[in-house]
Every structure is written in structure tokens, then in C-alpha cells.
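Student: My questions will all concern the structure given below.
The values are calculated or read from the model by the stated rules, or taken from the named source; none is laboratory data. Every value quoted in this text rests on a predicted model; they were computed, and no experiment measured them. With ideal geometry, Cβ positions are generated from the backbone for all residues, glycine too; neighbour counts draw on all protein chains shown. SASA here: full protein model, heavy atoms, side chains in, ligands and nucleic acids out. Shrake-Rupley method; radii C 1.70, N 1.55, O 1.52, S 1.80 Å.
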Amino acid sequence: MCQVVRILFIIIGVFAVMKVNAAEKQLQIEDERFEKPLLFTVNLPDGYEQNADKRYALLFDFHPYADSYLKGMHDWLSHNGEWPWPQTIIVNPAMGNPVGRLFDASGKTTPLIDFFEAKLLPALDKNYRTNGFRIMSGFRVNGTLALSAMLRKPGLFNAYFVTSPELEDDYAGILSAAASGMKTIDAPPVYVLITHGSGVKEKHQLDEYARLNQILSDNLPPNVAWDYRDFSEHMFMTLPLLTLLTGIEQVFGKEQVK
């Protein structure tokens, strides 16, 4: 009997993998600064091919490994009538994609964010049925990147889920640009969620988190929904998942975007 159960679980696992892989595509983008095409993993929601007239929200996370939890949580949270998470196209750089070399840690220039604006997002809109609603999520340095996009090119995304961003020593110029950057956010309405804990990888910049919260709160435009959460009671590696759940409930809880 145990052998039968073991075989059954193997079969279920195989079909689960087949389902995930069938929805996974790769987008290639040419860029003259790189010798080979830049690869991005695109996870399409269940039923994408069958529902040819349906358009979808987009979630972009710059961590290539984040797709493992993003697509699993999305499948769970969208399968029951798309509630609380409407079906969404999820995009990450493929493992080994070197486009991160464009990131300017000084914050004086924004070549990586410029790449998102000029090449990545237009290519996604061209090749997939997006509906114009975009979310950017990020953990640690990728959270800093999301904040930089919000402050320097606020029209690129409608919501930002930022977990434990690196801010020490004015990393990427976030703290120095925060006040003026918030004033450039005019339309459309934007939701910003910043979370952090107080563990060993964050305690060096708790003062910076408090400072950022104060700066953004003091300069909040009327069209920005600002959300700040201290998740110190939770363990460090659970924070991106908690942030995602919180953000999804806040963005889609009242008015779903489909």
C-alpha cells in the first residue's frame, strides 16, 4: 500500500511539474551592451492560451530565484475564482542573465531602470496580453532597485512591494532622492509597501528604515498609498512572502484588476 501511495505522489508531482513548465516561456531581448540576448523567464497564468481575449496584470521581480515562490503562491491565490490574486503574468530574469551589471549603485544614473522602460516592458507588452497594471517586487538590493524605479521613473509600475531594501550609506541614492522623488509621482495612483525585520542582515540600517519612512510620509502625494510594516516578529527569509501576501491583499482586496 505504501508503494502505491509513493507512486501516486510521484505521478502527481510529475503532472504538477508539467503544468508549471507548460506555462513557462522565455523572452529574449537584444542589447548592444551584451554579446548574447538577455533572457527573462515569463510565467503565464493557467488558461492563458485558451482565453485568447483576456488580458493580465504583470508582476516583475528582479531575483531569478523568486519565481519559485511567486508562481506557487500565485497559483494558490488565484485558482479559487482569482481571489484574492487575479491571474497575473510573472516575470524574472533567467538565471545567469547579466543585465544587473547595468545597475549604478551610486544612484547618479539609472541605466538598468532605463532598460526596463525602453526595452523590457515594451517587449512584454508586445509579446504577451498585459492589461497595463504592473507590480514590481524586490528583496534586499532588488528592493532598493524597486525604490529607485519608484523615485526616478514612477510611471513604470502601479505598485511596489519592497522587502528589507539596502539603504546604508545612501545606497543607490535612495535617501537623498526620496523627498524630491515623491513629488514627481503624479499619475496613475501608486501603492507602495515597504517592510523589514530587525535581524542580523537588517539591524545595521534600522535607523535608515525609520528615516526613509519619515521622509516618504512627510512628502506623500495624494495619489500614493503608503504602507510601512515592521515584521520583526518573523524570520528573515519569510519576509518576502509576507510582503507579497500583504501587498496582494491591499492592492486587490477592494477592487480587483483583471
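Student: Please compare each pair in Lys54/Lys153; Lys119/Lys203; Lys54/Lys119; Lys126/Lys201; Lys54/Lys201 to a cut-off of 32 Å on the Cα-Cα distance and tell me which ones are over it.
Tutor: Numbers: Lys54/Lys153 28 Å; Lys119/Lys203 37 Å; Lys54/Lys119 24 Å; Lys126/Lys201 39 Å; Lys54/Lys201 42 Å.
Over 32 Å Cα-Cα: Lys119/Lys203; Lys126/Lys201; Lys54/Lys201.
Student: With θ set to phi - 60° and the Karplus curve 6.51 cos²θ - 1.76 cosθ + 1.60, what are the ³J(HN,Hα) couplings of region 71-81 in order, to the nearest whole Hz, using x for Gly and Pro?
Tutor: So the J values, rounded to whole Hz, are 6, x, 5, 5, 4, 5, 7, 10, 6, 9, x.
Student: Could you give each residue of region 88-102 its phi-based ³J(HN,Hα) in whole Hz, using Karplus coefficients 6.51, -1.76, 1.60 with θ = phi - 60°, and x for Gly or Pro?
Tutor: Couplings: 9, 7, 10, 10, 9, x, 5, 4, x, 4, x, 4, x, 4, 6 Hz.
Student: So in the chain, what percent of DSSP beta bridges are antiparallel if you round to the nearest 5?
Tutor: Working: 10 of 36 bridges.
The antiparallel fraction comes to roughly 30 percent.
Student: Still on this structure, I have one more. Counting only heavy atoms of protein chains, what accessible area per residue, in Å², does the chain have with a probe of 1.4 Å?
Tutor: Numbers: 12990 Å² over 258 residues.
Each residue of the chain exposes 50 Å² on average to a 1.4 Å probe.
Student: What part of the accessible area of the chain, given as a whole %, is carbon or sulfur when the probe is 1.4 angstrom?
Tutor: Numbers: 7330 of 12990 Å².
The nonpolar share, carbon plus sulfur, comes to 56 percent.
Student: From largest accessible area down, sort Arg101, Arg33; use a 1.4 Å probe on the protein chains. Before the final figure, lay out the partial values.
Tutor: On the way: Arg101 185, Arg33 115 Å².
Output order, biggest surface exposure first: Arg101, Arg33.
Student: May I ask you to evaluate 6.51 cos²θ - 1.76 cosθ + 1.60, the Karplus curve with θ = phi - 60°, for each residue of region 244-252 and list the ³J(HN,Hα) values in order in whole Hz, giving x for glycine and proline?
Tutor: So the Karplus estimates, Gly and Pro as x, are 4, 4, 4, x, 4, 5, 6, 6, 10 Hz.
Student: Still on this structure, please answer the following. So what is the 222 nm mean residue ellipticity for the chain from helices alone, if each DSSP H run of at least 4 adds -39500 (n - 2.57) and you divide by all residues, rounding to the nearest 500 deg cm²/dmol?
Tutor: Details: 8 runs with 93 residues, N = 258.
Estimated from H runs of four or more residues: -11000 deg cm²/dmol.
Student: I've got another one for you. How much length, in nm to one decimal, is gained on full extension between Ser232 and Lys153, taken as 0.36 nm per residue of separation minus their Cα-Cα distance?
Tutor: Numbers: separation 79, 0.36 × 79 = 28.44 nm, distance 3.03 nm.
Between Ser232 and Lys153, full extension yields 25.4 nm more.
Student: For a protection proxy built on the mean count of beta-carbon atoms within 10 angstrom, sort 44-53, 238-247 highest first, please. Intermediate values should be presented prior to the final figure.
Tutor: Values: 44-53: 12.6, 238-247: 19.9.
Taking the mean over residues of other Cβ atoms within 10 Å, the ranking is 238-247, 44-53.
Student: Can you put Val251, Val42 in order of accessible area, largest first, using a 1.4 Å probe? Mind showing how you got there, number by number?
Tutor: Numbers: Val251 25, Val42 0 Å².
The ordering from most to least exposed comes out as Val251, Val42.
Student: Now for a different question. Non-local amide H neighbours of Phe157 (under 5 Å, H modeled in plane, Pro and chain starts lacking H): which ones?
Tutor: none
Student: Further question: May I ask you to order 223-229, 141-147 by the average number of other C-beta atoms within 10 Å around their residues, highest value first? If you can, show how the numbers build up before the last one.
Tutor: Numbers: 223-229: 15.4, 141-147: 25.0.
In descending order of packing, they fall as 141-147, 223-229.
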